[in-house]
Amino acid sequence: MKNTFKVFGIIAIIAVIGFSMAACKNGTTPTTPPGVDDTGGTITGSTITSGAPVTYTAGLPEEAKSRTNFSYTRGALDTWVLLSTIIDPPASVTITNGKVDIKLGTPKSASLEIITETDIPADITVTPSDAKSFRIRNFYTDDGAYNLYPAKGDDREAALIYADKNVTLQGTHTSPGLTEVYDISLKQGWNYVIYSESGSTVKNTASTTLPNGFKWTVSN
């Protein structure tokens with residue numbers, strides 16, 4: 001997948017490092033464990049209820065499938081930051097019976113950033129303008145060997161976004177070779193932001209439910 005998606009709600013500790021999806025980079029095709037339903041998880045409070053199925057990129061060692069704790073995110077200088085240090089407990093991400101179980105709690109105030117002060121284009125309208133957010137694009141094992149992220153094929157991916165209040169991002173931004181359409185309505189709390197790529201156009205939408213067909217992918 002092209003590294004074209006704009007990101008908001010990033011603080012220094014969650015620097016933009018390794019931004020592209022690993023599965024798209026290595027061109028491998030995920031494989032779904034037998035018996036796992038293809039159903040997205042829905043956010044209720046700070047928990048992804050029922051979870052969503054997990055896939056593994058081709059070529060991963062068997063050892064990867066025994067790694068069930070992804071309670072870290074990527075920080076500056078390729079450090080691995082424990083979620084519970086930047087999010088009030090509970091904060092955990094585990095794989096249980098082939099599905100993801102996510103408990104995130106509430107990001108600490110120092111982790112939030114005003115959306116209009118991030119890299120959102122100036123021609124995108126953010127309402128209200130003082131809304132803050134926090135983004136988690138990938139989860140990692142404690143050593144950073146494996147990461148976990150939701151995606152559907154090579155042209156759709158998602159990130160988890162926390163908003164401190166209901167907020168909308170509306171508008172279209174055009175740059176050479178790329179058109180970005182923002183039609184995002186975030187509810188206070190955790191949301192999925194869905195990035196869909198079609199040719200030179202990227203559409204950004206939001207939901208509290210991971211759309212059907214999305215799977216949490218383990219890669220290295």
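The values are calculated or read from the model by the stated rules, or taken from the named source; none is laboratory data. Model, not experiment: these values are computed from the prediction. Using ideal geometry, Cβ is built from the backbone for each residue, glycine included, and neighbour counts are taken over all protein chains shown.
Scanning segment 202-211 for residues that are part of a strand (DSSP E or B) and crowded, with 18+ Cβ neighbours inside 10 Å yields 202, 204, 206, 207. As a summary of the residue check, residue 76 satisfies the conditions (1) under 17 Å from residue 162 (Cβ atoms); (2) in contact with a helix residue (DSSP H, G or I) (Cβ under 8 Å, 6 or more places away or on another chain); (3) surrounded by fewer than 19 Cβ atoms within 10 Å (Cβ to Cβ) except for the one numbered (1).
Checking each residue of segment 186-197 against the condition of being in contact (Cβ under 8 Å) with a residue 40 or more places away in the chain, among the hydroxyl-bearing types (Ser, Thr, Tyr) and either closer than 17 Å to residue 113 by Cβ or touching an Asp or Glu at 6+ places or on another chain (Cβ under 6 Å) (or both) gives at least one match. The combined condition, being crowded, with 20+ Cβ neighbours inside 10 Å and of a type in the set (S, T, N, Q), is not fulfilled by residue 85.
Listed by first and then second residue, the pairs with beta-carbon distance under 7 Å, at least 6 apart or on different chains, first residue in segment 91-116 and farther than 16 Å from residue 73 by Cα, second among the charged types (D, E, K, R) and part of a strand (DSSP E or B), are 113/132; 114/132; 115/132.
When restricted to residues that are modelled with pLDDT of 70 or more and in a strand (DSSP E or B), segment 41-64 contains 9. The single condition among (1) surrounded by fewer than 17 Cβ atoms within 10 Å (Cβ to Cβ); (2) modelled with pLDDT of 90 or more that residue 38 does not meet is (2). Taking strands (runs of 3 or more DSSP E) as the structural unit, those lying wholly within segment 83-154 and holding at least 3 residues that are modelled with pLDDT of 90 or more, within 12 Å of residue 70 (Cα to Cα) and among the β-branched types (Val, Ile, Thr) correspond to 92-96.
Evaluated against (1) more than 14 Å from residue 190 (Cα to Cα); (2) surrounded by 20 or more Cβ atoms within 10 Å (Cβ to Cβ); (3) among the basic types (Lys, Arg), residue 156 falls short on exactly one condition, (2). Taken together, 144, 199 contain a single residue that is under 28 Å from residue 92 (Cα atoms), surrounded by fewer than 21 Cβ atoms within 10 Å (Cβ to Cβ) and of a type in the set (Gly, Ala, Ser), which is 144.
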